[in-house]
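Here, each number is a calculation from the coordinates, and none is a lab measurement. Note that this is a predicted model, so its numbers are computed, not measured. All Cβ positions, glycine included, derive from the backbone under ideal geometry; neighbour counts span all protein chains shown.
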Amino acid sequence: MTYMIRRPHDKYFDKGLRNWINKTARENYWRIAPWYGLDGLIGDGNLAFVICKRRYAHKVRNKAHFMALVKTVFWNMIMDLATDNIRAGEIPVSQLAIPGMEETFLEAIAGVEESDAELYATLRSAPDEVRQLLALFQEPDKLAALRKDVRKENGARETTQETLCRLLGLPLDYPIEAKVRAAIT
């Protein structure tokens, strides 16, 4: 018959400390995920326990105090890993793109935005009402009128739609918002 040899039990490395190390490693793994594994981080938590045991076990008799020391050491290890390797995940575009085609590569990844010239051309071809609306933002007195809180006869606040139509001299039910959206999309 074979007998199992029981390993010596450490009074400080209990279930609560092991669970705290695992939980903290899982919760903070996102900080170092690109260059470090979860198992390695849990191992570092166990290493924090060993460091504290070697340094403080003969001085500390209280489990709560010892666990606080382990928490501090492990948290500092996580912060050091996160700040030391903050740029580890970056790859220069020159390594990804074909030489001479870097701009095309960036456009393919990030997408292309219209230039200002295209925007100006779009706005020039917009309906008169939309151009008048944009002109309101260029005149200080009209801009102040846009910001002013106007009340109707019944005491209700004038809506943005009503304010814009009033300032542009349009009927209150004119679909100015739809016209602006149609012009810029």
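Quick one: which of 43-49, 167-173 comes out on top by average Cβ neighbours within 10 Å, and what's the full order, highest first? List each step's numbers first, then the result.
Values: 43-49: 19.3, 167-173: 12.4.
The packing order, highest mean first, is 43-49, 167-173.
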**Fill in**
The lysines whose Cα lies under 26 Å from the Cα of LYS63, excluding any fewer than 8 residues away in the same chain, are LYS11, LYS15, LYS23, LYS53, LYS71
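Quote to one decimal, in nm, the extra length available between ASN22 and TYR56 on full extension: 0.36 nm per residue of separation minus the C-alpha distance between them. List each step's numbers first, then the result.
Details: separation 34, 0.36 × 34 = 12.24 nm, distance 2.20 nm.
Here the segment from ASN22 to TYR56 would lengthen by 10.0 nm.
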